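The values are calculated or read from the model by the stated rules, or taken from the named source; none is laboratory data. Since the structure is predicted, the reported quantities are computational estimates derived from the model, not experimental observations. Note that each Cβ is placed from the backbone with ideal geometry, even for glycine, and that neighbours are counted across all protein chains shown. Ligands, DNA and RNA are stripped out before the accessible areas are found, and what is left, the full protein with its side chains, is counted by its heavy atoms. Shrake-Rupley method; radii C 1.70, N 1.55, O 1.52, S 1.80 Å.
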Amino acid sequence: MRMINVAAAQMGPIQRAEGRDVVVRRMLALMDEAKAKGADLIVYPELALTTFFPRWYMENRADADGWFEREMPNDAVRPLFDRAARHEIAMSFGYAELTPDGHHFNTAILTDRTGNIVGKYRKIHLPGHAEFDPERTHQHLEKRYFEPGDLGFPVWRNLGGIMGMAVCNDRRWPETYRVMGLQGVEMVLIGYNTPSVNAQKGDEGPEKRLFHNRLSAQAGAYQNSCWVIAVAKAGDEDGHRLIGGSIIVNPDGEIVTEAKTEDDELLVHPCDLDATAFGKETIFNFAAHRRTEHYGLITSR
Ligand code: ING
């Protein structure tokens, strides 16, 4: 048994006017609760420090740079790193990254129990569009504000297991999980900010969105025999609602716990990394069963 007590720290809405100091205080409260409940790892959402700003069109992209972090850690988030080290809890959270040479990414980091960053991932599947789209009920301008990630889908050894990360839309693409699965991933950490309604399809509401959220995470977990921790930023941000539905999915593809609210809500579940072994050794023994000579289209088209 290699147990990790995982805390999925769903966050409620962050209003456009809400400062990082207020948000970090909410994240610290969730971390203290996680510690009290014996967590070894806490997973926060995508863009955990700010509102989901890609919903706002800025003519001049540089006007959005205020939503980005120029270094990590930095003064705004240092209390998180200090508290995590004191609690000896590893953590993962998403944020908008502006690199010293001027590149913009939708990024997530992973630390060990001492607050050291051991892994960084930059979102590869950017949904939405780059220019203002008058046809949409709301804008989703991730292609305007971010570049596709340039780090691939790496995995890292942490807390005695093999961990990977993905961000939001990545979870809908089977390639995301499979590339990490081929590296032996045992636990995938995924933050998301998912609008409750489809900007292009009026009749697709939160129920369908929650169904696709579960479907994507359950499929990824089952087909790669790994744990999937999917954590929402949820609720009404300046009139724009995001789904909740944070879940922890076991290597059999079963949801073992699910958030009930659209607010700050902590889920804690004991995850045995050894529970990934049976699937990896039998039905999803990639070396024994995959026939890559037939898969060329996946990378060539
Ligand atoms: N949000 C949404 C997501 O992928 C989306 C965008 C929703 C795309 C539903 C397609 C269907 O969950 C982010 N931030 O990617």
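Residues in segment 73-104 that are open to solvent by 60 Å² or more (accessible area, probe 1.4 Å) and closer than 30 Å to ALA36 by Cβ: ASP75, ARG78, ASP82, ARG86, GLU88. Kindly check whether there is at least one residue in segment 175-182 that is open to solvent by 10 Å² or more (accessible area, probe 1.4 Å), at pLDDT 95 or above, within 24 Å of GLY102 (Cα to Cα) and more than 14 Å from the ligand (Cβ to nearest atom). So far as segment 175-182 goes, no, none of its residues is open to solvent by 10 Å² or more (accessible area, probe 1.4 Å), at pLDDT 95 or above, within 24 Å of GLY102 (Cα to Cα) and more than 14 Å from the ligand (Cβ to nearest atom).
What's the total number of residues in segment 229-252 that are under 18 Å from ALA217 (Cβ atoms) and surrounded by 17 or more Cβ atoms within 10 Å (Cβ to Cβ)?
16
Taking segment 140-174 as the range and being within 12 Å of the ligand (Cβ to nearest atom), closer than 27 Å to ARG214 by Cβ and buried (at least 18 other Cβ atoms within 10 Å of the Cβ) as the test, the residues that pass are HIS140, LEU141, GLU142, PHE146, ALA166, VAL167, CYS168, ASN169, ASP170, ARG171, ARG172. Entry remark, segment 141-160: residues being under 21 Å from ASN5 (Cβ atoms), in a loop (DSSP other than H, G, I, E, B) and touching a strand residue (DSSP E or B) at 6+ places or on another chain (Cβ under 7 Å) number 1 in total.
ASP203 fulfils the conditions (1) away from the ligand (no atom under 16 Å from the Cβ); (2) farther than 23 Å from ASN106 by Cα; (3) surrounded by fewer than 16 Cβ atoms within 10 Å (Cβ to Cβ) except for a single criterion, (1).
With respect to the numbered conditions (1) touching a Pro at 6+ places or on another chain (Cβ under 9 Å); (2) closer than 28 Å to PRO195 by Cα; (3) open to solvent by less than 50 Å² (accessible area, probe 1.4 Å), which one is the sole condition not fulfilled by ARG70? Every condition holds for ARG70 apart from (3).
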